[in-house]
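**Student:** Okay, handing you the structure first.
The values are calculated or read from the model by the stated rules, or taken from the named source; none is laboratory data. In this text, all values refer to a predicted model and were calculated from it rather than measured experimentally. We place every Cβ from the backbone using ideal geometry, glycine too, and count neighbours over all the protein chains shown. For accessibility, only protein heavy atoms count, side chains too; no ligands or nucleic acids. Shrake-Rupley method; radii C 1.70, N 1.55, O 1.52, S 1.80 Å.
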Amino acid sequence: MALLRAVNLGSHKKVSMADLRGLLAGLGYADVRTYLQSGNAVFTAAETRPERVAASVEERLAAELGLTTEVILRTAEELRDVVERNPLEVDDPAKSTVWFLAEPPRQDWLSGFDLGRFAPEEMRAGEREIYLRLPNGIGRAKLPVALGRRLKVTATMRNWNTVTSLLSLAE
């Protein structure tokens, strides 16, 4: 599964899902499906090295569609683990999110950070995911902005509805 960072948000970095499906099929990937206009695609690739797949997709996006963005990959099994290991209560799927990270953050990235001052917002870190519960809504949340300044790792956020829908597509 490919998650394109910061596409189809507002008027910049637009990509149609038909173009994305065609691009991925053109790279030789099979079973290509996309989810809404979200910049998410599920597919099967013979290449087993995720960094090669991500680089191929990024290069082709730039060359064919003029779109420069990062691509973060997860297998269906990895996505299943993300869903099963969510340590936060999901009482409203639209207000629960997962940040998918391109790589694990530095071990000390939260050193000295006071999560309590952002209550009732909550965060738990996984190895390459960050789970957020934002009960007042994503648009009003302050925790993601503060965390983003510290993270220093390429990441893309998806709400819980999207995460579970992508898992259904992938399985």
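**Student:** Rounded to the nearest 0.05, what FRET efficiency do R140 and Q107 give with R0 = 35 Å and r taken as the Cβ-Cβ distance? Could you check? If you can, show how the numbers build up before the last one.
**Tutor:** On the way: r = 30 Å, r/R0 = 0.87.
Computed FRET efficiency for R140 and Q107: 0.70.
**Student:** Can you give me the distance in nm between label points at E47 and T154, each placed 7 Å from the Cα along the Cα-to-Cβ direction?
**Tutor:** Taking the simple label geometry, E47 and T154 are separated by 1.3 nm.
**Student:** To continue, here is another question. Using the Cα centre as the reference, give the magnitude of the dipole from point charges on the C-beta atoms of the chain (Lys, Arg: +1; Asp, Glu: -1; all else neutral), rounded to the nearest 20 debye.
**Tutor:** 560 debye
**Student:** Can I ask one more? For the range 107-164, what size does the Cα cloud have along each of its three principal axes, sorted from largest down, in whole Å?
**Tutor:** 31, 24, 16
**Student:** Round to the nearest 10 and give me the degree value, 0 to 90, for the angle of helix 160-170's Cα axis relative to the longest principal axis of the chain.
**Tutor:** Between helix and principal axis, roughly 30 degrees.
**Student:** Out of the total accessible area of the chain (probe 1.4 Å, heavy atoms of protein only), what percent is carbon and sulfur?
**Tutor:** 46 percent
**Student:** Next up: Ranked highest first by the average count of other Cβ atoms within 10 Å around their residues, in what order do 106-114, 13-21, 42-50 fall?
**Tutor:** Per-residue Cβ counts within 10 Å, averaged per peptide and sorted highest first, yield 13-21, 42-50, 106-114.
**Student:** Please name which of P104, L115, T156 has its Cα lying farthest along the dipole of the chain towards the positive end, using unit charges on Cβ (Lys, Arg +1; Asp, Glu -1) and the Cα centre as origin.
**Tutor:** Looking along the dipole axis, the top candidate is L115.
**Student:** Moving on to the next point. Nearest 10 degrees, 0 to 90: what angle lies between the long axis of helix 17-26 and the longest principal axis of the chain (Cα atoms)?
**Tutor:** Helix 17-26 sits at roughly 60 degrees to that axis.
**Student:** Using Cα atoms only, what is the angle between the long axis of helix 50-65 and the major principal axis of the chain, expressed in degrees (0 to 90) to the nearest 10?
**Tutor:** Approximately 70 degrees, to the nearest 10.
**Student:** Dividing the alpha-carbon Rg of the range 51-171 by 2.2 N^0.38 Å yields what?
**Tutor:** Cα Rg divided by the expected 2.2 N^0.38 Å: 1.11.
**Student:** Another question, if that's okay. Per DSSP H run of n ≥ 4, the term is -39500 (n - 2.57); total these for the chain, divide by its residue number, and report the mean residue ellipticity at 222 nm rounded to 500 deg cm²/dmol.
**Tutor:** Calculated mean residue ellipticity at 222 nm is -9500 deg cm²/dmol.
**Student:** Excluding E171 itself, what net charge comes from residues whose Cβ is under 13 Å from its Cβ, given Lys and Arg +1 and Asp and Glu -1?
**Tutor:** Around E171, the surrounding residues sum to -2.
**Student:** Any idea what the dipole of the range 70-120 comes to, in debye rounded to 20, about its Cα centre with Lys/Arg Cβ at +1 and Asp/Glu Cβ at -1?
**Tutor:** Result for the range 70-120 is approximately 100 debye, rounded to the nearest 20.
**Student:** Relative to the present Cα-Cα distance, how much length would full extension add between D114 and D31 at 0.36 nm per residue of separation?
**Tutor:** Working: separation 83, 0.36 × 83 = 29.88 nm, distance 4.40 nm.
Gain on extension, D114 to D31, equals 25.5 nm.
**Student:** Quick one: net charge around P87, please, counting Lys, Arg +1 and Asp, Glu -1 for every other residue with C-beta under 11 Å from its C-beta.
**Tutor:** On the way: positive: R85, R124, R133; negative: E84, E89, E122, E129.
Net charge around P87: -1.
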